[in-house]
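*Asks:* One structure is given below, represented as structure tokens, and several questions about it will come after.
Here, each number is a calculation from the coordinates, and none is a lab measurement. This is a predicted model, so every value here is computed, not measured.
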Amino acid sequence: MSTWLIYALLSAFTAALVAIFGKIGLQNLDANTATAIRAVIMALFLVGVVVVQGKLNLVSEIVANRKALLFIVLSGVAGALSWLFYFLAIKNGHVSQVAPIDKLSVVFAVIFAVILFGEKISLMAAGGVALITAGALMVALG
């Protein structure tokens, strides 16, 4: 099994835990405040990973590259907005409905990749995108 596939499956599994743990943790709490606490915990955890790997010195390399830094900041803002909207959605809705709709990010990512990066997708991949869309909507609305 390819390394990327193992990481992708681990990502999918742990993302499912985010929904479950988040839904349990959000009972009677403000979703935005809970998301902020989650972000701090994630930041501390990830800084710890970088320190353990001995890569803290690479931060200056990223900061020095203005274009890379700009897009990392934009990615962080988009991620923060995604978390805010996600936690608001699972607080007010059912995880079984919110999680599939959230996975429509795959569809948006493919569309953006084609438009912004000129990536080519096969007919089979386009069919897969259509099936993801239909499947997410069927699970969420069914």
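*Asks:* Counting residues in region 1-92 as N, plug N into 2.2 N^0.38 Å and put the Cα Rg over that result.
*Replies:* 1.28
*Asks:* Please list, in order along region 110-125, the HN-Hα scalar couplings obtained from phi with the Karplus expression 6.51 cos²θ - 1.76 cosθ + 1.60 (θ = phi - 60°), rounded to whole Hz, x for Gly and Pro.
*Replies:* 5, 4, 4, 5, 5, 6, 7, 10, x, 5, 9, 10, 6, 4, 5, 5
*Asks:* Mind checking which of VAL98, VAL18, VAL47 has the largest fluctuation in a GNM of the chain, springs on alpha carbons under 10 Å?
*Replies:* Maximum among the listed residues: VAL47.
*Asks:* Let me ask another. Using only DSSP helix segments of four residues or longer, with each worth -39500 (n - 2.57), what per-residue ellipticity at 222 nm results for the chain after dividing by its residue count and rounding to 500?
*Replies:* Working: 7 runs with 118 residues, N = 142.
That calculation yields -28000 deg cm²/dmol at 222 nm.
*Asks:* Rounded to whole Hz and in sequence order, give me ³J(HN,Hα) for region 17-32 from the Karplus expression 6.51 cos²θ - 1.76 cosθ + 1.60, θ = phi - 60°, writing x for Gly and Pro.
*Replies:* 3J(HN,Hα) across region 17-32, in whole Hz: 5, 4, 5, 5, 5, x, 4, 5, x, 7, 4, 6, 10, 6, 5, 5.
*Asks:* If you don't mind, there's one more thing I want to ask. For ALA134 and PHE13, calculate 0.36 nm times their separation in residues minus their Cα-Cα distance, and state this gained length in nm to one decimal.
*Replies:* Here the answer is 41.4 nm.
*Asks:* Right, here's the next one. Can you tell me which of GLY25, GLY76, GLY118 moves the most in a GNM of the chain? Springs connect C-alpha atoms under 10 Å apart.
*Replies:* Checking each option, the largest mean-square fluctuation is seen for GLY118.
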